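See structure below.
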Amino acid sequence: MLNNKFNDALCLLSKIRLPRFWNAIKLTASFYLTRWLGKPVQWGLPVTISIEPTTACNLRCPECPSGLRAFTRPTGNLKADFFRQVIDELHRKLLFLIFYFQGEPYINPGFLEMVRYAHDKGLYTITSTNGHFLSRENARKTVESGLSRLIISVDGTTQDVYEQYRREGKLEVVLQGARNLVEAKRQLKSRTPHIIFQFLVVRPNEHQIPEIYRLAREIGVDEVKLKTAQVYDYQNGNPLIPLNETYARYQRQADGTYRVKNRLLNYCWKLWHSCVITWDGLVVPCCFDKDATHRLGDLKQQRFSELWFGAPYKTFRQQLLQGRSQIDICTNCTEGCRVWVRRYL
């Protein structure tokens, strides 16, 4: 329903303050000046950060480092005192706070308290969950936390299809969790969180796209997003790549190999307006650096503003301008590619 979209937009607009608006203007101007000059110029702090509540996950999804238990970096839970320290420094310029990088956020026992802290600082808050922890109690606490948007991964409409990607997951648990959230919003007379069913389109589930819309309408969620899947071994094809190229990040070539659809441009908006903070305080360029190999700073040792304008960040931005094809995390990137297919219900 358009009303759902309107309510979500109003929620976001209500978070805009003059310092945040002016900060966004400065960093946007510096991004376009960078493209014109061909050398990095950075004004302003990020308007968006992703912060990692945990690296732990209850599922074993085949293209996810959390699911594969494949991290080489340390694993653990975000600590509340460290989180508050970061938010206290950034909240005056920050607009979006994404509680997600790797792992399942609800596994961190302090997760919803951190959401409440960010909400009280006037931030638009988002998280993504596999939906297995949305009991009636947690659903109510989620609504009470002030969370602005909640993305629930529902990658199949029948258990046999769903578990082909969400391995060890239970579809009915996820759907009941969504019902619990809708009911909690109704009982508390709350317009938030804006509830999204995210459907990661892969070959085993692409035939169920019409059904996910039916399920969403039946349960009463606000929106459905079809997301294209990132796969690591795509050059010679992969059984997860959809047959319908509308929903694929990769395009089949005449010789039978595959390439990333989008042209690899030598600039990236993400490096100017956002960043990712791991549970233990490492700052990395974006969500494609899942194992935190490109470490641009450590918030346990320095303030965010120091590292954001520091030498490692400047060097990385310069490398990016010289050629993204030379940076490993950029070669499978969707910057400029159609990743989302949205539909409001």
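Okay, here's what the table says:
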item: Charge-dipole axis of segment 68-220 as Lys and Arg at +1 and Asp and Glu at -1 on Cβ define it, positive-most pick from Gln208, Gly122, Val182; result: Gly122
item: Area of Leu68 that stays accessible when all protein chains are in place (1.4 Å probe, Å², to 10); result: 90
item: Dipole magnitude of the chain about its Cα centre (Cβ charges: Lys, Arg +1; Asp, Glu -1), debye to nearest 20; result: 1060
item: Percent accessible area from carbon and sulfur atoms, the chain, protein chains only, probe 1.4 Å; result: 53
item: Nearest-10 value in Å² for the accessible area of His207, using the 1.4 Å probe; result: 120
item: Accessible area in the full protein assembly, largest first, 1.4 Å probe, for Trp308, Trp279, Trp36; result: Trp36, Trp279, Trp308
item: Candidate residues Leu321, Leu37: accessible-area rank, largest first, probe 1.4 Å; result: Leu37, Leu321
item: Per-selection metrics, segment 1-81 (Cα): Rg and Dmax in Å; result: 19.1, 47
item: In Hz, Karplus ³J(HN,Hα) per residue of segment 41-47 (6.51, -1.76, 1.60; θ = phi - 60°; x = Gly, Pro); result: 10, 10, 10, x, 9, x, 8
item: Solvent exposure of segment 78-190 as accessible area per residue, Å², 1.4 Å probe; result: 41
item: ³J(HN,Hα), Karplus 6.51/-1.76/1.60, whole Hz, each residue of segment 184-198, x for Gly, Pro; result: 5, 4, 5, 5, 8, 6, 10, 8, 10, x, 6, 9, 10, 8, 9
item: Contact order relative to length of the chain, as percent, for alpha carbon pairs under 8 angstrom and 6 or more apart; result: 18
item: Share of alpha-carbon pairs per 5 Å distance bin for segment 172-290, given as whole %; result: 2, 9, 14, 13, 14, 16, 16, 10, 4, 1, 0, 0
item: Directionally averaged shadow of the chain, computed from the convex hull of its alpha-carbon atoms, nm²; result: 16.8
item: Mean ellipticity per residue at 222 nm, deg cm²/dmol - from DSSP H runs of n ≥ 4 across the chain, formula -39500 (n - 2.57); result: -10500 deg cm²/dmol
item: Linear extension gain, Lys261 paired with Leu18, 0.36 nm per residue minus alpha-carbon span; result: 83.6 nm
item: Glu144 - accessible surface, heavy atoms, 1.4 Å probe, Å² rounded to 10; result: 80
item: Among Val284, Gln42, Tyr232 - extreme Cα towards positive end, dipole of the chain, charges at beta-carbon; result: Gln42
item: Compactness relative to 2.2 N^0.38 Å, alpha carbon Rg of segment 138-181; result: 1.30
item: Heavy-atom accessible area ranking, 1.4 Å probe, most first, across Ser325, Ser190, Ser153; result: Ser325, Ser190, Ser153
item: Rg/Rh for segment 181-242, where both radii come from Cα atoms and Rh is the Kirkwood radius; result: 1.15
item: For segment 90-197, alpha-carbon Rg over 2.2 N^0.38 Å; result: 1.07
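The values are calculated or read from the model by the stated rules, or taken from the named source; none is laboratory data. Keep in mind it's a predicted model, so treat the numbers as computed, not measured. For neighbour counting, all protein chains shown are included, and Cβ atoms are generated from backbone atoms with ideal geometry for every residue, glycine included. Remember, those area values only see protein heavy atoms, side chains included, never the ligands or the DNA or RNA. Shrake-Rupley method; radii C 1.70, N 1.55, O 1.52, S 1.80 Å.
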